[in-house]
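Chemist: Could you have a look at this structure, given as structure tokens, before my questions?
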Amino acid sequence: MTARPLDPPDVPGADTLGGLTARQLLRLCEVAGLDTADREVYARTLTEMLGPVAGRPLDLPPATPTFLSDDHTPVEYSLAFVPDAAPTLRVLVEPGSGAGGLAQNGRTGLRVVRDAARRWGFTTDPLDELEDLFFPPSPEGPLALWCALELQPGGVPKVKVYLNPAASGQARAAETVAEALRRLGHRRAFAALPPSDRHLFFALDLGDWDEPRAKVYLAHQDLTAAEAGALSRTEGGPPSALTETFFRIAAGQDADGDAAGPGSTEGDGPGPVRRPVQSCHAFTDTASSRPSGFTLYVPVRDYARHDGEALARATALLDHHGLDSTALARAVTAVTSRRPEDGVGLVAYLALAHQQGRPPRVTAYISSEAYEVRPPVGPLSAEAAIAP
Ligand code: TRP
């Protein structure tokens, strides 16, 4: 039998949102070493999770705006690199994309996650216990529910659900996170979190995990490398120097903290606004007051002129951690035919993850760019440089 990587059954046409993302995912699955059967299952799963927007022609604008990606594609990919193995492919989806309003978006998201739980035989108990906190009747904020799948061999993914702490208003976000942690049995976890500017996401692992995590994502505006190095609250690592070096390489800074990219302090006037750096604190053991995992996310697209630069930094980071970067270049051609230099944002984030008892993991977040490519930041033109 011959493989049909570009023409899978039950996938919409290539000129639709579902068709494009299914084809991107099929090729990424190949990069991640998944077999043909798994690839087809996962491409179909993505299409199903997208629901009605999957069939939406790409020449129409996005059905609804989404905070999930810069160009409002309700899908984002990531590759987590670990030593001596093919990278793990994950896909982040907004199942309620296209629903009329945030409340409906959340209800659709919950239904899709519960359908997935029935299909793959896992419990949604932890999510059910938090439903009133994250799904109030009139929700606010940048999202209602996102779902990420870790695409393991065998066709049954691990599932992660992302919720919005600001659902009852930004002013209640901290309280919502504290209550959610408490309900899950992490009584002293909230007090262990480092200072931050905002609580961005609350995430739960559902399904087949050895140690399911409850995760809190924090935003840190204008963070320095030294500050980044001091954010982890896990016992025994990562060393602050490791986090600092990661931050510097990802953000393109030299050891003095000087950056060459856009938004730097070079030149006059305020630079473009940069997204905050994020930290994630993972709690697995209710008997411990401390997190067992720490991840730092650098929005590399706001620190680079184009994706050529972002990819060079990703490669440098992988090399630095002794991880094989060949899959990264292949992943790029799996999602786009444009040259990396011709846009910025294909690589959305670079992350360094530390989980107790495991080697550090480097993750690259890859945008679908179904709707738009952000133009590269050009060199200052002569006129701009001498303008008053
Ligand atoms: N697009 C949002 C952001 O840039 C949310 C998001 C998508 C995100 N993927 C992410 C945040 C990966 C952190 C890491 O913030």
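Since every read-out is calculated from the coordinates, none of them should be taken as a lab result. This is a predicted model, so every value here is computed, not measured. Positions of Cβ are backbone-derived with ideal geometry, glycine not excepted, and every protein chain shown enters the neighbour counts.
Chemist: When ranked by the protection proxy of mean other Cβ atoms within 10 Å per residue, highest first, what sequence do the peptides 49-58, 295-304 form?
Modeler: Ranking the peptides 49-58, 295-304 by packing returns 295-304, 49-58.
Chemist: Now for a different question. What net charge is computed for the residues neighbouring LEU350, neighbours being all others with C-beta under 10 Å from the C-beta of LEU350, Lys and Arg scored +1, Asp and Glu -1?
Modeler: So the environment of LEU350 carries a net charge of +2.
Chemist: Can you tell me, using C-alpha contacts under 8 Å and at least 6 residues apart, the relative contact order of segment 17-367 as a whole percent?
Modeler: 16 percent
Chemist: Then there is this: Only helices at least 24 Å long along their axis, Cα-based, and averaging -1.0 or more on Kyte-Doolittle count here, so list those DSSP H runs from the chain.
Modeler: 102-120
Chemist: Bin all alpha-carbon pair distances of the chain at 20 Å intervals from 0 and give each bin's fraction as a whole percent.
Modeler: P(r) for the chain, in whole percents per bin: 28, 61, 11, 0.
Chemist: As a test of the formula, what do you get for the chain when each DSSP H run with n ≥ 4 contributes -39,500 (n - 2.57) and the sum is divided by the residue count, at 222 nm and rounded to the nearest 500 deg cm²/dmol?
Modeler: Theoretical 222 nm ellipticity from helices: -9500 deg cm²/dmol.
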